[in-house]
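Written below as structure tokens is the structure these notes are about.
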Amino acid sequence: MAKKVNVYGLNGEPIRSIKLPEVFTTPYRPDLIKRAVLSSMTARIQPYGVNEKAGKRTTAESRGPGLGISRTPRVKGSRYPAAMRGALVTMAVGGRRAHPPKPEKRYLEKINKKERKLAICSAIAATAKPEIVKKRGHLIEKVPELPLIVSDEVQNISTTSETRNLFIKLGVWPDILRAKNGKKVRPGRGKSRGRKYKKPKSVLIVINEDQGIVKASRNHPGLDIVNVKNLNAELLAPGTTPGRLTIWTESAVNQLEKLFSS
């Protein structure tokens, strides 16, 4: 028998109950979820490599043994070998790299279509299990129940203040504050490569149609919003860890029955 859950209105109170789709009964498969997320992440990597002749455009060659100097290849043009500048080798200034990256390297982690679909179904089911959501680090003490389903009126919200009031009434506001206060400076070279800060993920909102909610909620820290047709494992399990705190609209839940009926 299908489980029934409440649908909450804009005031945070239950207005009716609906049956959950069978996708929420999918077995928990963290191994498949991890593979699907890695496949999604590696698909964005652009292969790169160095020029084959980089560091090798030189007249340098080794003089061989017997001269009392190292056999380092040296640039021609000097009378005394000891005064020649080293080149070509990896330890010389402007020399070649020892083990440069190659563009033919395969970064993509492949996954079968059926496995990807099962991984998404399993990640959807994990959003309805409080122990998994809590283990991921989300604050759900004030959340009335999981999965958290709201009426389609939410899709008509057009201001950030309205979304903030909705999150407070639904009990997910503490988790958004957790993401705001968890912003940290990234260690290492990433600071100079356009990714200086690391920010935790908070709430995921799954909608069926955008009527203003995307613009109204995009400024909240750690929050993502996606159409149910574009749902993927990386959004449901950021960093390969399942159990993201998710808000579903009623029509999005109904669409799950069609998208993942098999």
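Before moving on, here are some points about what is shown:
- Per-residue packing, averaged as other Cβ atoms within 10 Å, sorts the ranges 224-237, 20-33, 89-102 into the order 224-237, 20-33, 89-102, beginning with the highest.
- Taking each residue as 0.36 nm, the span from Arg71 to Ile15 lengthens on full extension beyond its C-alpha to C-alpha distance by 11.8 nm.
- Counting DSSP beta bridges with both ends in the chain, the antiparallel % (nearest 5): 45 percent
- C-alpha long axis of helix 160-170 to longest principal axis of the chain, angle in °: 70 degrees
- Mean-position separation - Cα centroids, the range 65-136 and the range 192-262, in angstrom: 33 Å
- Pairs beyond 19 Å (Cα-Cα), from Lys34/Lys110; Lys110/Lys229; Lys56/Lys102; Lys229/Lys258; Lys183/Lys229; Lys19/Lys129: Lys110/Lys229; Lys183/Lys229
- Per residue, the average separation of C-alpha pairs within less than 8 Å and at least 6 apart gives the chain a relative contact order of 24 percent.
- Label sites at Glu257 and Leu38, each approximated as a point 7 angstrom past Cα along Cα to Cβ, lie 3.7 nm apart.
- Measuring r between the beta carbons of Lys134 and Thr90 and using R0 = 51 Å, the FRET efficiency lands at 0.50.
- Once the Cβ-Cβ distance of Lys102 and Lys184 is raised to the sixth power relative to R0 = 25 Å, the FRET efficiency obtained is 0.15.
- Packing-based ranking, highest mean first, of 119-131, 5-17 given that Cβ atoms within 10 Å are counted: 119-131, 5-17
Only the coordinates and a few stated rules stand behind these numbers; no lab work does. A quick note: this is a predicted structure, and the numbers were derived from the prediction, not measured. Cβ: placed from backbone, ideal geometry, glycine included. Neighbour counts: every protein chain shown.
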